[in-house]
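Enquirer: Below you will find the structure I want to go over with you.
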Amino acid sequence: MELDFKVSEWSVDFVFQRYVQFGGRRHPEYFFAMITRDSIALKCEVVIPHPETPVRSVLDRWSDVGLSRPALVVVPDTEQDIIDAILYAKNTGLELIPGGGGHGPFVPITDKTLYLDMKRFDKVVLDTSQEQARISFGGGALTRRVIDVCTSEGFYTTWTNSYGVGMVGSVLGGGSVSSMIVSAKIC
Amino acid sequence: MIMDQLISIRLITAAGEVLELDSTSLGEELGLFHALSGAGHGLGVVTSMTLKAFPLAALRMKNDEVWCRRVTFPADAINLAVEKYMQLLPPKPSQYVLLMFAREHVISTGSSAPIIILSSLYYGPEEEGEQASRPLFDQVIVNNSTIHSETVSTPLSQMNEAWASFSVHGEYKDISSAWLRTTPVETVKASFQQYMQFTDHYKDATRSTVVHATHNPQKHVAISQTLEGEAKYFESRDRGTCMLVMPWTSNPETVEPMRVFAKSIKALYRTAQPDSDLPRTFPNNMQADTQLEEMHTLDRIKELKRIKKLWDQSGVFWSPYGENR
């Protein structure tokens, strides 16, 4: 599939700085690309896998079932990056899949996928100032972090039995079995 | 379920709009909030979520530890294992009973002999846990040298350690499940036979497991009778057991046989359910070929497709409810 972007000389230098800044992996299979203002500006990290790159080097998911190389991986820092990525996917006919913990083997990742890696949205905050305590977490937060933040303050909520499952994904898909007991105690 | 603790969601839609949704949202936004509670794949990009949290002290667990009585049976003690499992049912409200088929090396550096692990977990005072787990202290277990039994207390914060080895990334793993009202003795024994046959035949799949996770559905039925509980997208509140098949292989050629195995176990249990029970699973455990009718009622499928079309006209987000399914 043709990707409609240009990499000017200026962009390559800028890209290299970002590459170093993010401690990028030093593999010849990767290159970071800045999509210039001629199309949509994506200011965040973008990885376009080389056709020969093994998918495991591009994506780190729980299971290899149903997994093949995505068209590109976008790692947003801000909500604007996500909005830009959605627009980019629409314009190029790609299907956008947000990834949290990577534990959903039923999510089909193909060469028409724009994989939105939510790992930078990992903030977890416990607020016990109100009568009902609440735990807030970002789209890429993992179960482990939510467990640690809650229990270190003497609180709990319901979560799945795996540290690596993304909290958001587990809620969107119906929760989990291990949360049944704790859930029943609360209500 | 986790969704019953959901307070709010912050979401970016296909149109690039940022929405803050909660139970006070109105009209279509409220409908979207409910769909996100259990059938939320592909409706937007969630940037943040807020759940209710509760003081650990309210669970009244000694040292905030979950109490557990665990008994590991060799394969030839399957009859006794199933008998003890049945004696623990229905579980008490704070009790969680797990019956697991595995091969020994999954829990220790042993052989790959098939084993049955029966655990009774209690999220409350120790004395109540012991009382609820009486059958697991019987002489027939304690006096048998081939059966290993132990009582363990684990801080709630560390309960996931036991599953850490299943969480490693890589290789071919899957999870499929069936919500069941009943687990008859003969069906459980027959499924153990199938499990042994599958893992005996496919030596690269000996880390596969089958887990029957049983809780008391009473409180969950009560939740479903509230307006808010009823609005969430979850259909199996009145079924006490989730039977999970978790095949695992390092060999891509075993992926198709492992799918066949999982389907076969699910079908075995489903023929043993009342005729009026529709087959049920939930989205997190779906397969590529799972029919929507297995996860949601027909009315809800219609509604989810409508919601999908409304909030993502062009279908930019992958979804089980999109037009191409």
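Just so you know, all these numbers are worked out from the coordinates, no wet-lab data involved. Treat the numbers as computed from the prediction; the structure is a model and nothing was measured. Because the Cβ atoms are built from the backbone with ideal geometry, glycine has one as well, and the counts that use them run over all protein chains shown.
Enquirer: Measure off 7 Å from each Cα along the Cα-to-Cβ vector at residue A:148 and residue B:193, then give the distance between these two points in nanometres to one decimal.
Expert: It works out to 4.8 nm between the two label points.
Enquirer: Give the calculated FRET efficiency between residue B:299 and residue A:55 to the nearest 0.05, with a Förster radius of 41 Å applied to their Cβ-Cβ distance.
Expert: Numbers: r = 39 Å, r/R0 = 0.95.
Approximately 0.60, to the nearest 0.05.
Enquirer: Sticking with this structure for a sec: By its C-alpha gyration tensor, with a ≥ b ≥ c as the square roots of the eigenvalues, how is the stretch B:167-325 shaped: rounded for a/c under 1.5, else prolate for a/b larger than b/c, else oblate?
Expert: Numbers: a/c = 2.30, a/b = 1.29, b/c = 1.79.
Cα axes put the stretch B:167-325 in the oblate bin.
Enquirer: If you count, for every residue in A:161-170, the Cβ atoms of partner chains within 10 Å of its Cβ, what is the mean?
Expert: The shielding value for this peptide is 5.
Enquirer: Output ³J(HN,Hα) for the stretch B:305-311: one whole-Hz value per residue in order, computed from phi by the Karplus curve 6.51 cos²θ - 1.76 cosθ + 1.60 with θ = phi - 60°, and x for Gly and Pro.
Expert: Whole-Hz 3J(HN,Hα) from phi for the stretch B:305-311: 5, 5, 4, 4, 5, 5, 8.
Enquirer: Over all residues in B:31-42, what is the mean tally of Cβ atoms on other chains that come within 10 Å of each residue's Cβ?
Expert: Mean inter-chain Cβ contacts per residue within 10 Å come to 3.
Enquirer: May I ask you to work out the translational diffusion coefficient for the protein assembly as shown at 4 °C, viscosity 1.567 mPa s, via Stokes-Einstein with Rh from the Kirkwood sum over Cα pairs, reported in whole µm²/s?
Expert: 54 µm²/s
Enquirer: Report the extension gain between residue B:291 and residue B:79 in nm, rounded to one decimal, defined as 0.36 nm multiplied by the number of residues separating them, less their alpha carbon distance.
Expert: On the way: separation 212, 0.36 × 212 = 76.32 nm, distance 3.49 nm.
So the chain would gain 72.8 nm between residue B:291 and residue B:79.
Enquirer: So, R0 is 25 Å and r is the distance between the beta-carbons of residue B:87 and residue B:268; what FRET efficiency does that work out to, to 0.05?
Expert: 0.65
Enquirer: Counting only Cα atoms, I'd like the Rg/Rh figure for chain B, Kirkwood definition for Rh.
Expert: When Rh is taken as the Kirkwood radius, the ratio is 0.98.
Enquirer: How long are the three semi-axes of the equivalent ellipsoid of the stretch B:3-64, in whole Å, if each is the root of 5 times an eigenvalue of the C-alpha gyration tensor, listed from largest down? Write out the running numbers ahead of the final one.
Expert: On the way: eigenvalues 173, 27, 19 Å².
They are 29, 12, 10 Å, listed largest first.
Enquirer: Which ordering of B:47, A:53 is given by a fewest-first count of other beta-carbon atoms within 10 Å?
Expert: Final ranking by Cβ density, sparse to dense: A:53, B:47.
Enquirer: Another question about this same structure. In whole Å, what is the distance between the alpha-carbon centres of the stretch B:264-325 and the stretch B:150-166?
Expert: Measuring centre to centre over Cα atoms gives 32 Å.
Enquirer: Taking Cα centroids, how far is the stretch A:160-177 from the stretch B:1-19 in Å?
Expert: 15 Å
Enquirer: Of all the stretches in chain B, which is the longest one without any exposed loop site, taking GluC sites (Glu not before Pro) in a DSSP loop (any state but H, G, I, E, B) with at most 15 other Cβ atoms within 10 Å?
Expert: B:18-322
Enquirer: Give the shape of the stretch B:39-141 as rounded, prolate or oblate, defined through the alpha-carbon gyration tensor: a ≥ b ≥ c are the square roots of its eigenvalues, a/c under 1.5 means rounded, and otherwise the shape is prolate if a/b is larger than b/c and oblate if not.
Expert: Oblate, because a/c is 1.5 or more while a/b does not exceed b/c.
Enquirer: Say R0 is 30 Å: what FRET efficiency, to the nearest 0.05, do residue B:225 and residue B:29 get from their beta-carbon distance?
Expert: 0.75
Enquirer: Partner chain Cβ atoms within 10 Å, averaged over the residues of B:172-180 - can you pull that number for me?
Expert: 3
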